[in-house]
Amino acid sequence: MASYKEIVTKAVIGKGKKTFTTTQRVTVEPVPTTILGCWIINHTFQGFKNGDKITIDGSYDINIWYSYDNDTKTEVTRQTNRYSETVNVKKREDSDLISNEEIIVQSLKQPSCIKAEIDNGAIVYTVEKELGIELVGDTKVKIAIDEEEDPWDDIVDDVDDSTIQTIEDEVVEEYLNKEE
């Protein structure tokens, strides 16, 4: 008859991912003629519990390279964007045994500028990012214990008496006493 033991361990109790798309507008001087490039650097973020939801606060720097004066000169505008996203991560377990939840946020797709255009003298750009969230918490696992010990297996050597006799016959005892 098996008995049961409970093991307390950390486990992923909730997991999800979400894609976020935001559009921003920046007015620059001089007025741009053409967008030449847009890149994002220095993405940082942190998640924390806010009631039953997870809030992710983060920021990134965006650099937009553009031309002006009828495409004869260029300039780069830099801007730091801060964001706060709230998501609802569904727990995989509906148990009261879970405590001490830890939130792990990963950037599954780094923020990237998917569209940048000039609209009435201002630059309008769209940024897309994908974040993955895991909730890790203490939980109990119940396992069945078989208290009967498995029998020991006999170890059988492949060496028999004839093999030992062959080895003894082939050993040259004078080898060690031989002088060179």
query: So, counting K/R as plus one and D/E as minus one, what does the shell of residues with Cβ under 14 Å around Thr34 add up to?
result: -4
statement: Taking a straight Cα-to-Cα line shorter than 13 Å from Lys17, and setting aside same-chain aspartates and glutamates fewer than 8 residues away, one finds Glu85, Glu130, Glu134
Residue (of Ser107, Pro30, Ile123) at the positive-pole extreme of the chain, dipole from beta-carbon charges: Pro30
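If a/c stays under 1.5 just call it rounded; otherwise compare a/b with b/c (prolate if a/b is bigger, oblate if not). Do that for segment 3-149, with a ≥ b ≥ c from the square roots of the Cα gyration tensor eigenvalues.
prolate
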field: Relative contact order %, the chain, counting alpha carbon pairs below 8 Å whose residues are six or more apart
entry: 32
task: Before rounding to the nearest 500, sum -39500 (n - 2.57) across all DSSP H runs of length at least 4 in the chain and divide by the residue total; then give [θ] at 222 nm in deg cm²/dmol.
output: -1500 deg cm²/dmol
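Order of Leu36, Leu135 from fewest to most other C-beta atoms within 10 Å?
Leu36, Leu135
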message: Amide H of Val89 versus every other amide H placed in the peptide plane: which residues, excluding those fewer than 5 positions away on the same chain, fall under 5 Å?
response: Ile54
- request: May I ask you to list the lysines whose Cα is less than 28 Å away from that of Lys18, ignoring any residue fewer than eight positions away on the same chain?
  value: Lys10, Lys49, Lys53, Lys90, Lys91, Lys109, Lys115, Lys129
message: Compute the distance from the alpha-carbon center of segment 108-160 to that of segment 1-57, in whole Å.
response: 16
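FYI, it's all coordinate maths here, none of it is from the lab. Remember, predicted model here, so these are calculated numbers, not experimental data. Every residue, glycine as well, gets a Cβ built from its backbone with ideal geometry; the counts of neighbours run over all protein chains shown.
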